[in-house]
Amino acid sequence: MKISIKNSLILAAVALFLGCSTQNGAWLNRNFHAMGTYYNILYNGNLALEQGKLSVVQNYQDNYWDILPVERMQVDQEKTLTTLPSFTDEKEKNPDFARAEEKATKAIQKHSILVDGVQYNYQMDEAFLLLGKARYYDQRFVPALDAFNYILDNFDSSSTTVNTKVWKAKTQLRMDYSELALKNLQELLAKHKNLEEENLVDVHATLAQAYINLDKPDSAISAISIAAEKTKNEEELGRFLYIKGQLYDSREMIDSANAAFDDIIALNRKIPRVYRIHAFMEKAKNFDFKSGNLAEQLELLNDLAENRENRPFLDNIYYQLAEYYYAIDSVETAVVYYNKSLRERGPDTYLNSRDYLTLGNINFDRAEYKEAGAYYDSTLTNLAQNTREYRKLKKKRDNLDDVILYEEIAVKNDSILNLVAMSEPERIAYFEKFTSEKKEAALQKALEEMEAAKNTGQNNGAGDFFQQNNTGNQQSAGGFYFYDPTQVAYGKLSFKKIWGDRSLQDDWRTKENTSKNKNVENEEEKLTEEAILTKLNADPQYDPQTYIAKIPSDPAKIDSLKNERNFAYYQLGVIYKEKFQEYELAANKLEALLKNEPEERLVLPAKYNLYKIYSLIGETEKANRWKNDILMNHPDSRYAAIILNPTEYRAGENSPESVYERVYRKYLAQEFQMVIDSSAVYSSKFTGDPIVPKFELLKAVAIGRLQGFEAYKKALNEVALNYPLSEEGKKAQDLYSNVLPTLANKKFIENASDDTYYLVYIFERENQPAADSLQIKLNNAIAENGFEGLSVSQDIYNPEKLFVVVHGLQSHLGALGLGEKFHENKNKELKIDKEFFAVSSSNYEIILIHKNLNAYLESQDKSKP
């Protein structure tokens with residue numbers, strides 16, 4: 001008996017050993033490894049995969065402003081490039097997908113029975129499918145595709161074939177091979193006519209995503225409809241129906257879209273609430289304000305807002321309420337709801353950007369440009385920077401800086417000029433009203449502070465007012481308390497408040513106060529108000545004459561204000577026309593400009609822009625009026641020529657760009673005075689054109705080259721101030737702030753150790769032929785003597801002098817020696833009988849910048865022939 005048991009145990013051990021082998025495909029081996037693979041490794045791996053999928057879905061933020069993807073998964077473009085398993089990177093890996101991949105790999109490594117190219121473990125296709133899915137969700141799509149292809153290549157009769165083909169197509173979609181995925185899915189449907197419902201749903205859902213990627217909404221609608229009809233998963237049903245409605249919306253098939261959203265709403269609690277609420281929101285977007293029932297729509301939105309279950313979605317509901325009121329021109333109420341939407345602080349940043357953008361547009365239309373700019377800034381922070389919308393709004397926001405600047409100038413100068421135009425009685429009446437209102441507000445505030453202090457038991461109400469406002473009077477009176485009647489009044493008030501009415505007698509503190517007035521509180525209040533008013537009346541800020549005295553009376557100052565205001569009006573007209581296409585605003589500014597008797601340089605450009613504006617908005621009569629005005633009153637002008645022959649001036653030699661190129665070539669030829677004069681002429685001629693700041697900056701640089709540091713500094717400052725928001729204005733400011741300080745030093749460097757020195761000859765500008773002749777002679781002398789590396793040029797020093805300069809010398813003595821050599825040349829044709837001096841490159845730069853040639857010559861031992 002003992003022998004029999006022993007033999008049985010031995011046989012069992014041998015069978016177990018043989019069953020563990022992966023080197024043969026015996027029945028025992030196949031089933032042993034298949035069962036171990038399925039019930040242990042793959043079971044745990046699939047659990048990890050499902051847990052990972054759940055976290056992916058929970059972390060994904062749907063963008064309901066765009067067509068939803070069929071599958072929720074945020075793809076990291078950088079991560080998709082890697083082929084390494086996720087568990088090799090502790091920081092990046094999702095532990096659930098890493099575990100799933102690890103289990104799949106373990107199953108393949110330990111339980112694969114591959115003998116003579118035949119796989120005997122019928123669970124291996126499941127292991128490779130798990131491996132591919134884990135890699136797919138880990139966003140390593142190339143390795144995932146390898147796993148799916150392995151199944152299709154090696155398991156012809158596998159039950160996972162259809163599922164694997166779907167996953168392969170999904171992977172191809174993630175890799176932007178949408179056409180290939182579509183082709184494979186169509187072949188799958190053609191080959192497998194009787195798919196199970198679960199596979200049918202997956203195929204058509206993936207097919208819908210392929211059509212969406214390829215911008216084929218009609219085909220996508222058909223595919224997603226089948227998926228929605230066949231699915232038993234209610235979350236999938238809600239998502240598929242919502243995508244269907246969005247696709248109809250993209251085709252502007254509003255009725256069909258609303259029908260799809262109604263299907264979602266009818267499902268009520270069977271689907272996630274987020275789809276139901278957004279279905280209501282999409283229907284609200286589709287509402288027809290011309291034919292729809294406004295009262296019913298408002299009631300629906302209010303009911304949604306009042307439902308406690310909808311609290312997580314109040315930002316969207318308030319936004320739709322705001323859009324409703326905005327559409328019916330109840331702008332103030334709309335503003336309230338846009339702000340309520342923002343205060344909900346929802347996770348939808350794009351929704352926040354819509355709130356901010358609309359509020360910005362409302363303020364822009366109201367000419368509240370600072371507020372509009374702030375709202376646009378907030379809009380930009382809620383938009384992705386690489387989008388077209390971001391770039392467009394950023395450009396508008398930058399242009400708004402110009403509007404803010406010139407609107408502030410226009411408003412300020414208009415208000416001052418209105419005061420200038422008033423008669424003296426009108427000014428007095430105006431400022432008496434202004435100061436009275438201001439004084440009343442100050443009095444009310446002081447009384448409220450006193451009352452608040454009284455209620456809290458603190459004695460600092462009106463006292464604070466006097467302490468804050470009495471310094472000047474005390475100083476003027478030598479600081480003595482009784483010199484200031486308001487301080488005395490307040491002292492009496494404080495005494496009465498503490499002690500009441502006391503008789504002038506001995507021991508007044510301890511004796512009963514029999515004479516205390518019953519109306520003491522009323523008297524205190526009256527005395528307080530009188531004391532405060534006394535103080536306010538003594539304050540210059542409540543005196544009308546304080547402001548009247550500041551009104552300018554100097555005709556030059558008044559003219560300057562008018563010119564500045566008129567230029568701001570012109571700039572606003574051009575900005576509204578060119579940068580915002582706000583043609584009505586532009587026309588209003590330009591029409592107002594022409595009524596203000598502007599400078600002559602602004603009249604013609606303003607008329608031309610009005611002609612263009614009215615032509616653009618179809619007001620032919622007004623356009624013709626300004627056209628005829630230009631042709632009759634300015635027949636020889638550039639604008640008349642443009643009207644008569646627009647193609648000639650669009651890109652011809654008379655275009656601003658061509659003219660600028662010609663002037664710039666004169667600058668390169670050192671014709672600085674001509675550049676200065678021409679730039680001034682063309683800046684006036686092209687007023688309002690974007691080319692003007694370029695001319696002004698070129699003129700400033702030419703002034704610097706011709707007139708020196710101080711003139712350059714002044715010219716740059718004017719460009720920076722007059723054109724602060726143009727590229728040229730910003731460059732001028734940068735030069736003024738950062739470059740000029742480095743050039744301000746005019747002290748020469750003694751014993752300079754520069755690498756380059758110059759030999760310089762001085763000529764009067766009127767003696768240009770002699771300078772040209774010397775330049776030729778120097779070139780010939782250099783060539784004859786074989787001096788390599790030397791060259792000769794001319795530099796304009798100032799309006800009266802120019803330099804002929806020999807470049808390329810390596811020392812001060814060498815430069816002087818060369819000058820002596822040329823002077824002593826025995827060849828009369830090459831002999832140079834002309835004063836010269838030697839200078840280092842650093843000191844030469846100082847001479848050209850600061851125009852201090854005489855100072856340099858006095859500091860040196862000049863060499864003369």
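Taking the range 682-727 as the search range and keeping residues that are open to solvent by 40 Å² or more (accessible area, probe 1.4 Å) and polar (S, T, N, Q), which one is nearest to Y569 (Cα to Cα)?
Among those residues, the one meeting the criterion is N722.
Out of the residues in the range 736-746 that are touching a residue at least 12 places away in the same chain (Cβ under 8 Å) and either of a type in the set (K, R) or over 27 Å from N854 (Cβ atoms) (or both), state the one that is surrounded by the fewest Cβ atoms within 10 Å (Cβ to Cβ).
K746
Could you say whether any residue in the range 199-208 is open to solvent by less than 40 Å² (accessible area, probe 1.4 Å), over 23 Å from Q74 (Cα atoms) and part of a helix (DSSP H, G or I)?
Keep residues of the range 199-208 that are open to solvent by less than 40 Å² (accessible area, probe 1.4 Å), which gives 199-201, 203-208.
Imposing the further condition that a residue be over 23 Å from Q74 (Cα atoms) reduces the set to 199-200.
Next cut, part of a helix (DSSP H, G or I) only: 199-200.
For the range 199-208, residues open to solvent by less than 40 Å² (accessible area, probe 1.4 Å), over 23 Å from Q74 (Cα atoms) and part of a helix (DSSP H, G or I): present.
Do the conditions hold for K526, that is, is it at pLDDT below 80 and surrounded by 13 or more Cβ atoms within 10 Å (Cβ to Cβ)? Please lay out each step first, then the result.
Values: at pLDDT below 80: yes; surrounded by 13 or more Cβ atoms within 10 Å (Cβ to Cβ): no.
When the stated conditions are applied, K526 does not pass them.
Select from the range 335-390 the residues that are within 23 Å of N63 (Cα to Cα) and acidic (D, E) and list them in ascending order.
The answer is E344, D348, D355, D377, E389.
Taking K170 as meeting all but one of (1) open to solvent by 20 Å² or more (accessible area, probe 1.4 Å); (2) outside any loop (DSSP other than H, G, I, E, B); (3) free of Cβ contacts under 8 Å to residues at least 40 places away in the same chain, write down the number of the exception.
Of everything listed in (1) open to solvent by 20 Å² or more (accessible area, probe 1.4 Å); (2) outside any loop (DSSP other than H, G, I, E, B); (3) free of Cβ contacts under 8 Å to residues at least 40 places away in the same chain, K170 misses just condition (3).
Test each condition in (1) at pLDDT below 90; (2) more than 30 Å from P544 (Cβ to Cβ); (3) of a type in the set (D, E, K, R) for E344 and report the one that comes out false.
For E344, the failing item is (1).
Residue under question is E179, and the condition is that it be closer than 13 Å to Q209 by Cα and open to solvent by 20 Å² or more (accessible area, probe 1.4 Å); does it hold? If you could, list the steps in order and put the result at the bottom.
Numbers: closer than 13 Å to Q209 by Cα: yes; open to solvent by 20 Å² or more (accessible area, probe 1.4 Å): yes.
Considered against the rule, which asks whether it is closer than 13 Å to Q209 by Cα and open to solvent by 20 Å² or more (accessible area, probe 1.4 Å), E179 comes out as yes.
Table: residues versus (1) open to solvent by 20 Å² or more (accessible area, probe 1.4 Å); (2) out of contact with any Lys or Arg (no Cβ under 8 Å at 6 or more places or on another chain).
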| residue | (1), (2) |
| --- | --- |
| E800 | yes, no |
| G808 | yes, yes |
| G819 | no, yes |
| F822 | no, no |
| S842 | yes, yes |
| E845 | yes, yes |
| N852 | yes, no |
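So which of A134, A144, A98, A127 ends up being small (G, A, S), out of contact with any Leu (no Cβ under 9 Å at 6 or more places or on another chain) and modelled with pLDDT of 80 or more?
Numbers: A134 fails: out of contact with any Leu (no Cβ under 9 Å at 6 or more places or on another chain); A144 fails: out of contact with any Leu (no Cβ under 9 Å at 6 or more places or on another chain); A127 fails: out of contact with any Leu (no Cβ under 9 Å at 6 or more places or on another chain).
It is A98.
Give the residue that is nearest to V411 (Cα to Cα), with candidates limited to residues of the range 344-395 that are among the charged types (D, E, K, R) and not in a helix (DSSP H, G or I).
Step one: filter the range 344-395 for residues among the charged types (D, E, K, R), giving 344-345, 348, 354-355, 365-366, 368, 370-371, 377, 388-389, 391-392, 394-395.
Retained after the next criterion (residues that are not in a helix (DSSP H, G or I)): 344-345, 348, 366, 368.
Details: E344: 37, R345: 36, D348: 39, R366: 14, E368: 12 Å.
If we take residues in the range 344-395 being among the charged types (D, E, K, R) and not in a helix (DSSP H, G or I), then E368 is nearest to V411 (Cα to Cα).
Closer than 30 Å to N233 by Cα, touching a Ser or Thr at 6+ places or on another chain (Cβ under 6 Å) and of a type outside the set (F, W, Y): does that describe D348? Before the answer, list the steps.
Working: closer than 30 Å to N233 by Cα: yes; touching a Ser or Thr at 6+ places or on another chain (Cβ under 6 Å): no; of a type outside the set (F, W, Y): yes.
So D348 does not fit the description; no.
How about the range 763-781: which of its residues are in contact with a Ser or Thr (Cβ under 9 Å, 6 or more places away or on another chain) and either open to solvent by 60 Å² or more (accessible area, probe 1.4 Å) or under 10 Å from L830 (Cα atoms) (or both)?
Within the range 763-781, N779 is the sole residue that qualifies.
Would you mind stating whether N399 is modelled with pLDDT of 90 or more and among the polar types (S, T, N, Q)?
no
List pairs: first in the range 46-71 and in contact (Cβ under 8 Å) with a residue 60 or more places away in the chain, second in a helix (DSSP H, G or I) and surrounded by fewer than 13 Cβ atoms within 10 Å (Cβ to Cβ), Cβ under 9 Å, 6+ apart or cross-chain?
none
Picking from N386, N361, which residue would you name as being closer than 13 Å to Y338 by Cα and either open to solvent by 30 Å² or more (accessible area, probe 1.4 Å) or more than 16 Å from the chain's Cα centre (by Cα) (or both)?
Going through N386, N361 in turn, just one is closer than 13 Å to Y338 by Cα and either open to solvent by 30 Å² or more (accessible area, probe 1.4 Å) or more than 16 Å from the chain's Cα centre (by Cα) (or both): N361.
Consider Y122 against the criteria (1) assigned to a helix (DSSP H, G or I); (2) open to solvent by 10 Å² or more (accessible area, probe 1.4 Å); (3) modelled with pLDDT under 80: it satisfies all of them except one. Which criterion is unmet?
All conditions pass for Y122, except number (1).
Residue-wise test of (1) open to solvent by 50 Å² or more (accessible area, probe 1.4 Å); (2) modelled with pLDDT under 90.
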residue	(1), (2)
A410	no, no
N413	no, no
P425	yes, no
T435	no, yes
K445	yes, yes
M450	no, yes
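Inspect all residues belonging to the range 562-575 and state whether any of them is in a helix (DSSP H, G or I) and either without any contact (Cβ under 8 Å) to a residue 12 or more places away in the chain or loosely packed, with under 14 Cβ neighbours inside 10 Å (or both).
Quick first cut of the range 562-575, residues in a helix (DSSP H, G or I) only: 562-575.
Filter again for either without any contact (Cβ under 8 Å) to a residue 12 or more places away in the chain or loosely packed, with under 14 Cβ neighbours inside 10 Å (or both), leaving none.
No, the range 562-575 contains no residue that is in a helix (DSSP H, G or I) and either without any contact (Cβ under 8 Å) to a residue 12 or more places away in the chain or loosely packed, with under 14 Cβ neighbours inside 10 Å (or both).
Which residues, counting only those in the range 177-223, are of a type in the set (F, W, Y) and more than 20 Å from A260 (Cβ to Cβ)?
Correct list: Y177 only.
Is it fair to say L351 is out of contact with any His (no Cβ under 6 Å at 6 or more places or on another chain) and closer than 18 Å to A384 by Cβ? Walk me through it before giving the result.
Working: out of contact with any His (no Cβ under 6 Å at 6 or more places or on another chain): yes; closer than 18 Å to A384 by Cβ: yes.
Here the answer is yes, as L351 does meet what is asked.
Taking K290 as meeting all but one of (1) in a loop (DSSP other than H, G, I, E, B); (2) over 23 Å from Y319 (Cα atoms), write down the number of the exception.
Answer for K290: the failing condition is (2).
Please name all residue pairs, on different chains or six or more residues apart, with Cβ atoms under 7 Å, provided the first residue is in the range 198-213 and is more than 14 Å from R239 (Cβ to Cβ) and β-branched (V, I, T) and the second residue is modelled with pLDDT under 90 and not in a helix (DSSP H, G or I).
That search, which allows pairs on different chains as well, returns V203/L195.
Would you please list the contacts, defined by Cβ atoms under 8 Å and residues six or more apart or on different chains, that run from a residue in the range 664-691 that is in contact (Cβ under 8 Å) with a residue 60 or more places away in the chain to a residue that is hydroxyl-bearing (S, T, Y)?
That search, which allows pairs on different chains as well, returns T687/Y570; G688/Y570.
The values are calculated or read from the model by the stated rules, or taken from the named source; none is laboratory data. Model, not experiment: these values are computed from the prediction. Every residue, glycine as well, gets a Cβ built from its backbone with ideal geometry; the counts of neighbours run over all protein chains shown. With ligands, DNA and RNA removed, areas are computed over all heavy atoms of the protein, side chains included. Shrake-Rupley method; radii C 1.70, N 1.55, O 1.52, S 1.80 Å.
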